[in-house]
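Below is one structure; the comments refer to it alone.
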Amino acid sequence: MRRLVFGILLTLIGLTAAFYRDFSYIGIRLGGTPLYVTELSLLLILAVLVLESFQMGQVRVRLLPSGIFAGLYLAWGAFCLARGVEDGLVSVRESAANYYAIFYFLVAGLVAHQRDLDRLWRILLIGTCAAAVVILARVATGFQVITSTGAIRFHAPVAVGASATLFWLLGVPAKQAWKRTLCITGACACLFTIVVATQHRSAALALAASLFLWLALFERGRSVHSIGSRKATIAIVVTGMILLLLMPEVGRLTAGRLRTIGSNLEEFNATWRLLYWGLLLTNIWQSPVLGFGFGDNLPVFQFRGVWFGLDPAAPAGVHNSFLFVWYKEGLVGLILLVGFSISVLWTVSRQLRGRSVRSELWQASAASSAFAFVAVFAFFNVVLEGPYMGIFFWIFAAMAELAVVLSGRAGDGRLAPNPAKATAIE
């Protein structure tokens with residue numbers, strides 16, 4: 001049954017990585033309540049696993065190094081959901097910021113061997129390639145969105161999958177010249193996708209932060225024959241910038257949008273979000289430790305004639321997942337979430353400490369860098385609250401820690417003397 005469940009999970013991940021919002025919001029209606037494909041898949045997976053547990057008479061759980069944080073975060077989310085139960089579906093939808101942590105435990109429990117982890121990477125890469133085809137199709141058909149600064153956006157959430165693909169390409173073994181050329185070309189394409197195709201200023205910030213962590217910490221885990229050395233990575237970034245300059249109009253619009261980071265506080269999107277963050281931070285101090293709980297309790301405000309939170313065309317999304325968690329779940333939820341994030345990065349980085357090269361950890365390095373990208377991205381977007389980006393926060397975390405655990409296995413499948421802690425509870 002676990003092979004069936006793993007197949008369902010891979011299918012969900014692949015289709016989400018390819019189509020993001022367009023796929024995640026496919027669903028059915030039960031009465032007036034929509035059930036989306038992510039929720040339906042999760043319910044199906046959990047039902048099959050419960051059935052298997054009844055048949056076997058045992059529950060099997062693999063606890064990865066950051067599993068305690070994730071488990072407590074899940075439990076605290078259930079408490080915050082109970083506080084807002086009177087708001088029904090609104091509260092349940094908001095609690096996705098917590099219950100998507102189930103994907104962390106699913107990946108941890110279903111990936112039993114290195115080949116399973118390889119399959120997971122493969123489906124992510126295929127999904128990202130499919131997303132690139134979607135971008136090309138939208139360019140060809142003129143299906144586009146004009147941003148508030150006049151730049152053209154084609155497929156905003158694809159930055160998440162492109163970041164994972166980028167760091168996979170930087171770390172993967174590529175001894176032959178043709179493989180190195182392919183990896184370099186693919187890495188430049190990923191940079192172009194993250195910065196240009198999405199036109200998310202926050203994606204550029206997340207890219208800068210995750211590349212910094214790659215150069216400072218995770219580059220030591222790359223494969224010996226990879227293209228991701230410090231010098232090569234910097235050269236690839238510079239090459240991407242040069243290629244962007246060869247497209248004057250695209251380069252001008254992209255550069256103009258990036259220049260507004262921190263400098264144009266009158267720009268509409270930046271202004272209303274900063275105003276909203278200030279409003280939330282003011283209100284948080286009414287219940288800083290426990291938060292307000294999930295439910296219909298986000299403040300409504302007017303800005304330049306638009307009522308955010310009342311106008312259907314202007315929902316009051318916080319656009320900062322960590323601030324959202326603090327407002328809804330208080331310092332307890334925020335500390336658990338930040339603690340989980342730090343724990344994941346620490347689990348991998350400590351394995352690289354004091355070593356010049358740890359090539360067996362290249363997948364851990366790649367997944368950790370992608371996880372860092374999503375975490376920084378979540379500071380400026382609705383990420384953890386939604387399925388098409390939120391699930392990858394938890395999936396990348398599990399992939400990073402699993403790669404550490406699996407790298408410690410001996411040839412006969414047993415754990416080496418000192419792997420990252422992993423426990424099977426049966």
Hits in the stretch 62-89 - residues which are assigned to a helix (DSSP H, G or I) and either crowded, with 20+ Cβ neighbours inside 10 Å or among the aromatic types (Phe, Trp, Tyr) (or both): Gly67, Phe69, Ala70, Tyr73, Trp76, Gly77, Phe79, Cys80, Leu81
Cβ pairs under 9 Å, 6+ apart, first in the stretch 361-386 and at positive phi and buried (at least 24 other Cβ atoms within 10 Å of the Cβ), second part of a helix (DSSP H, G or I) and modelled with pLDDT under 95: none
Top-ranked residue of the stretch 290-300 - restricted to ones that are farther than 13 Å from Val325 by Cβ and touching a residue at least 40 places away in the same chain (Cβ under 8 Å), ranked as nearest to the chain's Cα centre (by Cα): Gly295
Failed item, numbered, when Gln286 is tested on (1) within 25 Å of the chain's Cα centre (by Cα); (2) at pLDDT 90 or above; (3) farther than 30 Å from Leu361 by Cβ; (4) part of a loop (DSSP other than H, G, I, E, B): (1)
Residues within the stretch 78-100 that are of a type in the set (A, V, I, L, M), in contact with a helix residue (DSSP H, G or I) (Cβ under 7 Å, 6 or more places away or on another chain) and modelled with pLDDT under 85, tallied: 1
Leu243 under 26 Å from Arg122 (Cα atoms) and surrounded by 14 or more Cβ atoms within 10 Å (Cβ to Cβ): no
Counted residues, the stretch 1-19 - those being of a type outside the set (A, V, I, L, M, F, W, C) and either at pLDDT below 95 or surrounded by fewer than 19 Cβ atoms within 10 Å (Cβ to Cβ) (or both): 4
Selection within the stretch 120-167 - touching an Asp or Glu at 6+ places or on another chain (Cβ under 9 Å) and assigned to a helix (DSSP H, G or I): Val134
Top-ranked residue of the stretch 380-396 - restricted to ones that are hydrophobic (A, V, I, L, M, F, W, C) and part of a loop (DSSP other than H, G, I, E, B), ranked as nearest to Val160 (Cα to Cα): Val383
Qualifying residue in the stretch 271-282 (condition: surrounded by fewer than 16 Cβ atoms within 10 Å (Cβ to Cβ) and more than 27 Å from the chain's Cα centre (by Cα)): yes
Any hit, the stretch 345-358, residues being among the β-branched types (Val, Ile, Thr), touching a Leu at 6+ places or on another chain (Cβ under 6 Å) and buried (at least 20 other Cβ atoms within 10 Å of the Cβ): no
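Rundown of residues vs (1) touching a strand residue (DSSP E or B) at 6+ places or on another chain (Cβ under 9 Å); (2) touching a residue at least 40 places away in the same chain (Cβ under 8 Å); (3) within 24 Å of Tyr327 (Cα to Cα), yes/no style:
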| site | (1), (2), (3) |
| --- | --- |
| Ile26 | yes, no, no |
| Arg60 | yes, yes, no |
| Phe69 | no, yes, yes |
| Leu74 | no, no, yes |
| Asp87 | no, yes, yes |
| Ser95 | no, yes, yes |
Within the stretch 150-196, tally of residues that are among the small types (Gly, Ala, Ser) and free of Cβ contacts under 8 Å to residues at least 40 places away in the same chain: 3
Selection within the stretch 20-60 - of a type in the set (Phe, Trp, Tyr), surrounded by 13 or more Cβ atoms within 10 Å (Cβ to Cβ) and over 18 Å from Phe396 (Cα atoms): Phe23, Tyr25, Tyr36
Gln58, sole failed condition from (1) over 20 Å from Arg21 (Cα atoms); (2) part of a helix (DSSP H, G or I); (3) over 18 Å from the mean Cα position of the chain (by Cα): (2)
Set Thr185, Thr141, Thr147: member being of a type in the set (S, T, N, Q) and within 21 Å of Gly228 (Cβ to Cβ): Thr185
Scan of the stretch 12-37 for residues that are closer than 17 Å to Val158 by Cα and in a helix (DSSP H, G or I), ordered by number: Leu12, Ile13, Gly14, Leu15, Thr16, Ala17, Ala18, Phe19, Arg21, Asp22, Phe23, Ser24
Number of the exception - Phe167 against (1) crowded, with 17+ Cβ neighbours inside 10 Å; (2) in contact with a Phe, Trp or Tyr (Cβ under 8 Å, 6 or more places away or on another chain); (3) more than 21 Å from Gly14 (Cα to Cα): (3)
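The values are calculated or read from the model by the stated rules, or taken from the named source; none is laboratory data. Bear in mind the structure is a predicted one, so any value in this text is a computation, not a measurement. Neighbour counts are summed over all protein chains in view; Cβ atoms, including those assigned to glycine, are modelled from backbone coordinates with ideal geometry.
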